[in-house]
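So the structure is just underneath, and the comments pick up after that.
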Amino acid sequence: MIEKIEESPLFKMVNPESIAFFGASNNFAAMGTNMLSSLMALGFPGRIYPVHPKEETVRGLAAYKSVADLPEAPDLAVIVLPTRLVIQTMEECGKKGVKTAIVITAGFREKGEEGAAEEKKLWDVARKYGIRFLGPNCIGATNLHAKLNTTFMRAEGSPGGIGFASQSGSFVTQMFNYLARFGTGFSTAFSVGNAADVDLIDCIEYLGACPHTKVIGMYVEGIRRGREFVALCREVVRKKPIVALYVGGSKTGRRASLSHTGTLAGPDKLYDGIFRQAGVLRARSVDEMFDICRAFCSLPLPAGNAIAIQTHSGGPGTVAADACGRAGLSVPDFSAQTAERLSEFVPSTGSLANPVDITYSKNPESFFSAIPEALLADPGIHMLLVYYLVPNAMVESPLRRMGLSDGDAAEAARSWLDNQAGAIAALMEKSKKPVAGFTFRGIMEQFPQALMARGIPVFPGPERAVAALAGMVRYRRFRERIELAARARG
């Protein structure tokens, strides 16, 4: 396992200072053009060299007839060409001195024996010149911290802490918008495609050393180097968590993965064992994978599995408590001191038990400050889950009744909600315990967005919130077990 990110052979692939682009043209509909446009739209600060046999300029950039004509050996080559031209282009890149490449082109191992033979030729050429390459049959890589995006979809949102390695390009490109809605994003993401050279293990090693990466996510259709995977993951999870979505366990999944990337998958129970041995958290859906990743990006690690649930409605609190029980989280009684503190703020119509059901409070601010402060101060509580039902209109209505105009009421409501989000974030920082929220309303409303901007994740429903927090508890146990094993070995 590498310690310094610059030691990785993938460093220049996702931190290039210069890029040769093969397959971009002035045809706006071409895949290569779209990928070059994505790179330019993000504001890549390095040098870009389109290579085209006929065009003088491509997207306003000076074009070159061949890689031999380039003024330097670029750090990275992006190849989006017909399959018949890929091997020849890799050879020319090698002669020029290119050391990393991304081969977008499909039509190799996933197409059967003939394609597999061509993929082997591609690998042989790369080895001949010492080129490390991603693909073929991939969608590229992105490193938003370096303003790199070689995919065909424009990046949305800000750089985040989720490092990602995927055997499907869609779960890189189509997640830009998805993650941005939840106030987070990728640090670096790889689409490995057929993984003829760079595979999931290489990506994990890079992301394990990446200073921007707080958690590593993986979309897995099959793992070829099983022993190396387990050994590396056990080292990486001592520093940061790894979350995997494996989809090859069913007959239909195995058949789809074979035609997708030419990967031969294995049974579910086998991968369950591999992940447990490696200390990798297994997610059961795309949502669950990224929910767990989001939690790790912003929350402190819980010291145990005891959770307090705070709500102003009995039903959502009961559903949350049931989800906790099913996920192995404890919903304990509060200490006598905590119950006494809560009695000052919870009316007689509410409940001082866990979940705490406020029903209604004369001072709405206590829901966002005094009550969660008391719950987080309880030594028997390790984390807090809160049901948030705070649409702007709910705050604006009483302000209008007080005589404020519609505009002034709306502005005052926005300011008040923003202050409450800040107060909750301050409580989490003070307590060093994770706080998460859930809502049945739109995740794009102001209050959920204000919370997520401050590192408090909000989930669409209690089940998803509980699964994310339970994932953090499982990781802590994984890490403790691996640390004990490492100390026992000396």
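The values are calculated or read from the model by the stated rules, or taken from the named source; none is laboratory data. A quick note: this is a predicted structure, and the numbers were derived from the prediction, not measured. Cβ: placed from backbone, ideal geometry, glycine included. Neighbour counts: every protein chain shown. Calculation scope for accessible area: heavy atoms of the full protein, side chains included, ligands and nucleic acids excluded. Shrake-Rupley method; radii C 1.70, N 1.55, O 1.52, S 1.80 Å.
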- Query: Is it fair to say Gly442 is outside any helix (DSSP H, G or I) and open to solvent by less than 20 Å² (accessible area, probe 1.4 Å)?
  - Reply: no
- Query: Which number in (1) at positive phi; (2) in contact with a Phe, Trp or Tyr (Cβ under 8 Å, 6 or more places away or on another chain) marks the one condition that Gly130 misses?
  - Reply: (2)
- Item | Members of the stretch 445-456 that are outside any helix (DSSP H, G or I) and either free of Cβ contacts under 8 Å to residues at least 24 places away in the same chain or open to solvent by less than 40 Å² (accessible area, probe 1.4 Å) (or both) | Gly455, Ile456
- Message: Consider the stretch 362-389. How many of its residues are modelled with pLDDT under 90 and either open to solvent by less than 20 Å² (accessible area, probe 1.4 Å) or within 17 Å of Thr318 (Cβ to Cβ) (or both)?
- Response: 1
- The listed residue being at pLDDT below 95 and either surrounded by fewer than 22 Cβ atoms within 10 Å (Cβ to Cβ) or among the basic types (Lys, Arg) (or both), out of Gly248, Gly253: Gly253
- Message: So for the stretch 404-418 (the condition being closer than 22 Å to Pro462 by Cβ and surrounded by fewer than 16 Cβ atoms within 10 Å (Cβ to Cβ)), does at least one residue qualify?
- Response: no
- Qualifying residues in the stretch 297-325 (those that are part of a helix (DSSP H, G or I) and either free of Cβ contacts under 8 Å to residues at least 40 places away in the same chain or touching a Leu at 6+ places or on another chain (Cβ under 7 Å) (or both)) - the one most open to solvent (accessible area, probe 1.4 Å): Thr318
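Residue-by-condition table, conditions (1) surrounded by 18 or more Cβ atoms within 10 Å (Cβ to Cβ); (2) part of a helix (DSSP H, G or I); (3) free of Cβ contacts under 8 Å to residues at least 24 places away in the same chain; (4) touching a Ser or Thr at 6+ places or on another chain (Cβ under 8 Å):
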site	(1), (2), (3), (4)
Lys95	no, yes, no, no
Val125	yes, yes, no, no
Pro136	yes, no, no, yes
Thr151	yes, no, no, yes
Gly157	yes, no, no, yes
Gly160	yes, no, no, yes
- Task: Filter the stretch 84-93 down to residues that are free of Cβ contacts under 8 Å to residues at least 40 places away in the same chain and not hydrophobic (A, V, I, L, M, F, W, C) and give me whichever is farthest from Ile131 (Cα to Cα).
- Result: Arg84
- Item | Selection count, the stretch 419-437, where residues are more than 23 Å from the chain's Cα centre (by Cα), open to solvent by 20 Å² or more (accessible area, probe 1.4 Å) and not hydrophobic (A, V, I, L, M, F, W, C) | 4
- Task: Find the residue count for the stretch 97-121, including only residues that are in contact with a strand residue (DSSP E or B) (Cβ under 8 Å, 6 or more places away or on another chain), open to solvent by less than 50 Å² (accessible area, probe 1.4 Å) and among the charged types (D, E, K, R).
- Result: 0
- Where in the stretch 18-81 are the strands (runs of 3 or more DSSP E), entirely inside, with at least 3 residues that are touching a residue at least 40 places away in the same chain (Cβ under 8 Å)? 18-22, 76-79
- Query: Can we say Ala393 is surrounded by fewer than 17 Cβ atoms within 10 Å (Cβ to Cβ) and either in a helix (DSSP H, G or I) or touching a helix residue (DSSP H, G or I) at 6+ places or on another chain (Cβ under 7 Å) (or both)?
  - Reply: yes
- Note on the structure: Scanning the stretch 280-296 residue by residue, those assigned to a loop (DSSP other than H, G, I, E, B), open to solvent by 20 Å² or more (accessible area, probe 1.4 Å) and of a type outside the set (D, E, K, R) turn out to be Ser285
- The residue that is modelled with the highest pLDDT, considering only those in the stretch 212-224 that are farther than 21 Å from Val14 by Cβ and either part of a strand (DSSP E or B) or open to solvent by 20 Å² or more (accessible area, probe 1.4 Å) (or both), is Ile223
